Amino acid sequence: MKKELFMNCIRDTGLLALMTECLGEVAAGQTAAQMYLEFEESAAASRSGDAEFNARLSEARLLIAGVSDPDNFEYYNDVFKKLFGLGRTLKAYPKLSGAQEKTLGLLQIAKELLDACDTVAARKFDNNPDTIAAELRALHEFPQRYSKELAEIHKRMTYIRRELSSLPLIKLRFSRTGGRIYGCELELTGKVPAHKQGAHSGVAELPDALSDELKSLRPELFSSIAAFCEKQENALLTLASSISAFAGHLEYLLDLARLQNMLKKNNIPLCSPRPSRRTTDLINLCDISLLLLRRDNLGRTMVMNNLTLHRKDYMSLMAGQIGTGKTSFLRAIAIAHVFFMLGMPVPAAMGSMMPVAGVYLCSHGYDPELLPPDNELRDSLLLVLWPDSEQSSMKELNDCVDKLVEFSARGAHGICAVRTFSTRGVSGTVSEIVPENVPLLDAVTGRDGKRTFRFKTVHRGDDSRATDIITRYGLDKSDLLLRFRTNRKF
Amino acid sequence: MSTINLLELIPDDRIKIIGAADLQLERLPALVYPDEADAEKRAYASGVLRAPLCRPENITHRRDIARDFLASGDLLDRLEQISAGAGDYRRTWQDERRQLFADLHSDDGAPVSDIEAKFAMLKLNLRSFLQLSGRLKELIDILASSTLYAEGLLEFKETCVKLYASHAFSDVPRAARLLEADTSDYTAELLLGLNESLTVETVNLNMLYTADDNAAGADEYDSDELSAHITAEEIEPLLLAALDALNDHTVESCEALIGLFQELFTELRFYRFCLDFCRALSNAGSHYIFPQVTEAESGVTSILALRDPLEVLSGEGTAVPHNILLTPERSGIVVTGPGGVGKTALLRAVCTAQILAQCGLPVICKDASLSIRSGIFVSFTDVSDPNRDLLRRFESEAQAMAKIIDSLTPWALVALNELFETVSFADAADALYNIFSVMTQHNIAFFATTHMPRLAERFMEVDRITAMQMTAEGRLEPMQ
């Protein structure tokens, strides 16, 4: 799938806007770009076969679940901050000039490397391959794998730290009269009294004179620092760049975790659908882009729909009047497929899903420019909102059905949505012209004529009185039991 | 600095209440505070009633503190007095700082003298710090002069004492002297720490005024002297950094103290409402208790001689107290009876008691043991338009019920008043039967009223549900 089309899809679903709100503009852009790479890798794995796809999906899910776990999130966030800081220092290092600057730069890298490794090693994991992703295992094992090199650096740095800390308190005594400072004297003293430590901290440059005095006071210490830097430069730079390489992917995973947390906070149901080659079947699918409306507790009141797509069937035809939620449903389906391919939990209660080669969303009307060539449509998810034309809705409908059949023949699955003008819905108008083997989804209208934003597979001749109302609101016994079973709180 | 924690011992969530309007809870604050001038207190009390807690530990915590306030006469008044007005104090202080800043800076924002400006600001901040620390000392004295049993109040006293003894306050005498002194001439010392990048991290600024001071200060350190020639220009940035740090520290300490008094005042509002509510109940001649509240998983609502505070305080309604028992084994009650005997009032009383208990407030009864309910979901029949098509009214009820079911959490309490009364028995019975059965299977307690005796009869044989009838005299009896 072309990156441009993937980005169109991410933008048109509202997912990019949602990520921007949750992560900020820069992080959202970076995450979307990484999502594309991950999506493509999953699609490639899917083309290679079920085993490859399932293995990749499991690994991606383990990665995301590992970082998103509330018990781990802060840990990985701390690790990321350390690795990111180390990466930034590494990047700045080649730009330093002069022996003193280079020395200080390397000391900083050594400090940050040890700090990062300490942070990584602060949590113990069992590193069971069934529960922890390979990439995270490699990160956890890094301090152990390079323990010998790190121990040497640690030893030298401990010496340098200890020796430097025997210097640090400098007492400057001075007098001041009428706004002028004069009569200054300097002492280098012993340790800071405990009750003064960290009492008030600020940062200032060390005057050159003081710096020179320090060096002349302890020449052996400063020559030892220089020797350490010369000997360990290569090892330090190699180790630091190896461990800081984890930062990029970790940042992406943390962003996904933040997105996931935002969904959880809004009570959006999340599930990990079973991969299937034949059917996509999702219960209570939510359009998370509605969260952009910023209504309180929207997740609890959001209308959810069920989705069924069969590989062998034609694409489905969805029909409904303006404002019945067609676009929203299509967005929900697109986001669900993107998330599924990335290994992210899908915003639905439960289900199974087919892997896809691409996700194409034409929410502003059918546009050939927004679709890939014929040979790339196979196994892709295609969601098209057919353009409106009030003069001849029947002609539009015919065109839409023709195109739907053509897309299906090219191997795509998905939904073409068409706007209807009759309040009689599908059973009254559309179903008469649509071939019987094209599945139909109809917008459900309430008894009071109001929109429900729900869609149902058409069953003709629905009658409804009290029992029908009970069924419509899911209050019959089987629906009640299903609701409790799919409610994660029970 | 520590937070106060008079309202919550441990972090807590708030339970969800759906249909609170049907319970008429907003009438309760109006009955406790009938005076128009108390609108703010009424609004606060309404907020309290909308936010029942989830943790029994916190409810016990509130109860114990309320008991101390009830027993100790004017303690609450004195604490309110000392904590009031912290916000005004902050505004005045900030106005003074703005004014001083303007006085010491020229029109283009540049300071007349960096060091002068920072010293003047430090003096102003130190003065506020001294005043606030004096108020803290007074607060400690009030707490020390009262007999306290509640862990919450004892811990609060301990927090204040520790705070007053902390390092942040150890500089108070020195600060006082700085205020008294003429600071145009002085000697000072800067204690500077170095980090590993050989950059200075300013540790402290000590003001020395006399030769004695000077000598006393020198004794604190192991001297390992080294002379160096440092010019005034080199010292100035260090001194400015130290002054900035000291100023920031002082402002932070003042803000923390103001925050402490503000937080205290805010938290005391709950106990003011609690005491006023108790007083109103006493004046109405009612016996109230603070119920025993247990973990949600115990699933018990056991209340002996329950009365509705709305009825008691307004002097309306029946005076018949009722006994209520819900357990995990029998977690639903269906009450039937003729119209106007008090079924709805009882349903409201049960929910109100649960809410009051989970807020840490008293309940009018002889004895009560209530487990936490994770949510309270109330649905009353839609009677807004009696002429509306019955099927549409039924549909709106079904919709409301579906919404409740989607929001349910384990160990919630559901109260249904005359649900589905708009349709025939045949249409409603199966639906209600299914809803009640499924709820009890999932540890949801419910209390339902119905005008259909046949419906209540249907539950007589169901294991987990108690069918009851209310007599014309308003007594509650098991169905025979």
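The values are calculated or read from the model by the stated rules, or taken from the named source; none is laboratory data. Since the structure is predicted, the reported quantities are computational estimates derived from the model, not experimental observations. Ideal geometry is used to build each Cβ from the backbone, glycine not excepted, and the neighbour counts take in all protein chains shown.
Could you check the stretch B:434-456 and list, in sequence order, the residues that are part of a helix (DSSP H, G or I) and in contact (Cβ under 8 Å) with a residue 24 or more places away in the chain?
Across the stretch B:434-456, the qualifying residues are B:435, B:436, B:437, B:439, B:440, B:453, B:454, B:455, B:456.
So residue B:66 passes all but one of these: (1) surrounded by fewer than 18 Cβ atoms within 10 Å (Cβ to Cβ); (2) of a type in the set (Gly, Ala, Ser); (3) part of a helix (DSSP H, G or I). Which condition number does it fail?
Unmet for residue B:66, out of (1) surrounded by fewer than 18 Cβ atoms within 10 Å (Cβ to Cβ); (2) of a type in the set (Gly, Ala, Ser); (3) part of a helix (DSSP H, G or I): (1).
Only one of these conditions is not met by residue A:327: (1) more than 17 Å from residue A:364 (Cα to Cα); (2) within 24 Å of the chain's Cα centre (by Cα). Which number is it?
Every condition holds for residue A:327 apart from (1).
Considering every residue within the stretch A:129-137, establish whether at least one is in contact (Cβ under 8 Å) with a residue 24 or more places away in the chain, at negative phi, assigned to a helix (DSSP H, G or I) and among the aliphatic types (A, V, I, L, M). Full working, then the answer.
At the first step, the residues of the stretch A:129-137 found to be in contact (Cβ under 8 Å) with a residue 24 or more places away in the chain are A:131-136.
Those left that are additionally at negative phi: A:131-136.
Applying the additional criterion that residues be assigned to a helix (DSSP H, G or I) yields A:134-136.
Add one more test, that the residue is among the aliphatic types (A, V, I, L, M), and what stays is A:134, A:136.
Yes, because at least one residue in the stretch A:129-137 is in contact (Cβ under 8 Å) with a residue 24 or more places away in the chain, at negative phi, assigned to a helix (DSSP H, G or I) and among the aliphatic types (A, V, I, L, M).
Given B:337, B:285, B:315, which one is of a type outside the set (A, V, I, L, M, F, W, C) and buried (at least 21 other Cβ atoms within 10 Å of the Cβ)?
Details: B:285 fails: buried (at least 21 other Cβ atoms within 10 Å of the Cβ); B:315 fails: buried (at least 21 other Cβ atoms within 10 Å of the Cβ).
After ruling out the rest, the residue left standing is B:337.
Of all residues in the stretch B:76-96, which are of a type in the set (A, V, I, L, M) and more than 14 Å from residue B:274 (Cα to Cα)?
B:79, B:82, B:84, B:86
In this structure, does residue B:51 turn out to be in contact (Cβ under 8 Å) with a residue 12 or more places away in the chain and surrounded by fewer than 18 Cβ atoms within 10 Å (Cβ to Cβ)?
yes
Name the residue that is farthest from residue A:290 (Cα to Cα), counting only residues in the stretch A:1-57 that are touching a residue at least 12 places away in the same chain (Cβ under 8 Å) and of a type in the set (Lys, Arg).
A:47
If you take the residues of the stretch B:221-238 that are facing chain A (nearest Cβ under 7 Å) and either within 30 Å of residue B:127 (Cα to Cα) or assigned to a helix (DSSP H, G or I) (or both), which of them is modelled with the lowest pLDDT?
We begin by selecting, within the stretch B:221-238, every residue facing chain A (nearest Cβ under 7 Å); these are B:221-230, B:232, B:234-238.
Applying the additional criterion that residues be either within 30 Å of residue B:127 (Cα to Cα) or assigned to a helix (DSSP H, G or I) (or both) yields B:221, B:232, B:234-238.
On the way: B:221: 36, B:232: 62, B:234: 65, B:235: 69, B:236: 73, B:237: 74, B:238: 73.
By that ranking, first place goes to B:221.
So, residue A:97, is that one part of a loop (DSSP other than H, G, I, E, B) and out of contact with any helix residue (DSSP H, G or I) (no Cβ under 8 Å at 6 or more places or on another chain) or not?
When the stated conditions are applied, residue A:97 passes them.
Would you call residue B:356 touching a residue at least 40 places away in the same chain (Cβ under 8 Å), more than 14 Å from chain A (Cβ to nearest Cβ) and outside any helix (DSSP H, G or I)?
No: the conditions fail for residue B:356.
I want to confirm something. Restricting to the stretch A:455-478 and keeping residues that are surrounded by 18 or more Cβ atoms within 10 Å (Cβ to Cβ) and either within 10 Å of chain B (Cβ to nearest Cβ) or at pLDDT 80 or above (or both), which single residue is farthest from the chain's Cα centre (by Cα)?
The selected residue is A:466.
A quick yes/no check of all residues on (1) surrounded by 14 or more Cβ atoms within 10 Å (Cβ to Cβ); (2) among the basic types (Lys, Arg); (3) within 14 Å of chain B (Cβ to nearest Cβ):
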| residue | (1), (2), (3) |
| --- | --- |
| A:103 | yes, no, yes |
| A:108 | yes, no, yes |
| A:117 | yes, no, no |
| A:121 | yes, no, no |
| A:124 | no, yes, no |
| A:128 | no, no, no |
| A:133 | yes, no, no |
| A:139 | yes, no, no |
| A:150 | yes, no, no |
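Based on this model, can you work out whether residue B:454 counts as surrounded by fewer than 17 Cβ atoms within 10 Å (Cβ to Cβ) and under 22 Å from residue B:306 (Cβ atoms)?
So residue B:454 does not fit the description; no.
I'd like to know if the stretch B:183-195 contains one or more residues that are closer than 16 Å to residue B:119 by Cα and either assigned to a loop (DSSP other than H, G, I, E, B) or modelled with pLDDT of 90 or more (or both).
yes
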